[in-house]
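Working notes for the structure below.
Where a number appears in this text, it was derived from the coordinates with a stated rule and is not lab data. What you are looking at is a predicted structure, and each value in this text was computed from that prediction instead of being measured. All Cβ positions, glycine included, derive from the backbone under ideal geometry; neighbour counts span all protein chains shown.
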Amino acid sequence: MAAAKSDLPQGTLDLLILKAVAVEPVHGYAIAQRLEQVSRGVVQVPEGSLYPALHRLENRGFLAADWKKTETGREAKFYRLTRKGRKQLETEAASWQRLIEAVGLILGVADGGAQ
């Protein structure tokens, strides 16, 4: 059974891109593939969202990019995390972790109170 596609909350895409790029330099299409694969198909990022986000992150200094050949021999922009980007990733990931824990607490209370 395929996982249902899920819309990302505002601001989530930047965090996911930073995390995907933190592993190694990678081109845009591979970022989208990695996010879809790791999320078991739940996170599907259309080009119309991915590339503007990549440009925004590059303009903010969180990503740097170089043109290189892909495994298929095509030229593509490979993105890598900058020092500033790594700090941003740590900050955003910690913020998301706090939110996940808080929502978990709220859902736990709601489940307990529904009896």
About its Cα centre, the chain carries a charge dipole, from +1 on Lys and Arg Cβ atoms and -1 on Asp and Glu Cβ atoms, whose size in debye to the nearest 20 is 440
Quick note on H55, H27, ordering by fewest other C-beta atoms within 10 Å, gives H55, H27
For the chain, the count of lysine pairs 8 or more apart or interchain whose alpha-carbon atoms are under 23 Å apart comes to 10
Inverse of <1/r> over all distinct C-alpha pairs of region 1-61, i.e. the Kirkwood Rh in Å, gives 11.9
So K77 and Y29, fully extended at 0.36 nm per residue minus their Cα-Cα distance, gain in nm 16.3 nm
Most exposed first, judged by fewest Cβ atoms within 10 angstrom, V43, V109 run V109, V43
Given a Förster distance of 30 Å, the FRET efficiency implied by the Cβ-Cβ spacing of Y51 and I106, rounded to the nearest 0.05, works out to 0.25
In terms of the alpha carbon gyration tensor, root eigenvalues a ≥ b ≥ c, rounded if a/c is under 1.5 and otherwise prolate when a/b exceeds b/c or oblate, region 12-113 is prolate
One finds, for K87 and T12 with R0 = 25 angstrom and r their Cβ-Cβ distance, a FRET efficiency to the nearest 0.05 of 0.85
Neighbour-count ranking for D66, D7 (other C-beta within 10 angstrom, fewest to most) reads D7, D66
